[in-house]
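Worksheet for the structure shown next.
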Amino acid sequence: LVTEWSNDRDPNFKTTKKFINKPEISVRQSTKAFEWCKLGKRIVKFSHNNELIFMFTSTNISYQAKKTTCKGYFEKTEWFSFDDYIKEINSFRFVKFNQEEWESSVCSCPDWDKNLICKH
């Protein structure tokens with residue numbers, strides 16, 4: 001398998017498969033992003049540990065994000081139960097924004113975890 005992969009990536013061949021470092025954004029992905037923007041979620045921008053963070057509530061939450069709540073999200077270390085913990089981490093989403101290459105930014109949503117690209 002490794003030999004085959006190495007041959008597929010050999011730059012001397014015309015049929016070389018290029019290694020993709022940045023996600024390719026499809027029309028479907030752009031449409032999902034546009035639909036998400038139409039929801040009108042409040043996006044809170046702040047700096048945390050020298051990283052630029054954009055934070056907002058997840059799609060199934062009706063209330064809007066507040067700066068104090070968003071900052072507290074990263075500082076909270078205790079929950080009363082595992083269910084409370086799951087509920088809280090699923091109520092917010094955040095994007096750690098890479099200012100040099102926005103395509104290399106990271107999101108906390110399940111789509112990002114699975115596909116390394118999401119509507120956010």
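The values are calculated or read from the model by the stated rules, or taken from the named source; none is laboratory data. Note that this is a predicted model, so its numbers are computed, not measured. Note that we place each Cβ from the backbone using ideal geometry, even for glycine, and neighbour counts take in every protein chain shown. Heads up: the accessible areas ignore ligands, DNA and RNA and are worked out on the full protein's heavy atoms, side chains in. Shrake-Rupley method; radii C 1.70, N 1.55, O 1.52, S 1.80 Å.
Stokes-Einstein diffusion coefficient for the chain at 20 °C in a medium of 1.002 mPa s, Rh from the Kirkwood formula over Cα pairs: what value in µm²/s?
Numbers: Rh = 16.9 Å.
After rounding, the answer is 127 µm²/s.
A 1.4 Å probe run over the range 27-115, with the rest of the protein chains in place, finds 72 Å² accessible per residue.
Spin-label model, Tyr85 to Phe97: label points 7 Å out along the Cα-to-beta-carbon direction sit 3.1 nm apart.
Which entries of Lys45/Lys66; Lys38/Lys114; Lys22/Lys45; Lys45/Lys96; Lys32/Lys67; Lys38/Lys76 have Cα-Cα distances beyond 22 Å here? Show your work: numbers first, answer last.
Working: Lys45/Lys66 10 Å; Lys38/Lys114 24 Å; Lys22/Lys45 24 Å; Lys45/Lys96 10 Å; Lys32/Lys67 26 Å; Lys38/Lys76 31 Å.
Where the Cα-Cα span goes over 22 Å, the pairs concerned are Lys38/Lys114; Lys22/Lys45; Lys32/Lys67; Lys38/Lys76.
Length gained on full extension, Asn115 to Arg42: 23.8 nm, using 0.36 nm per residue less the C-alpha separation.
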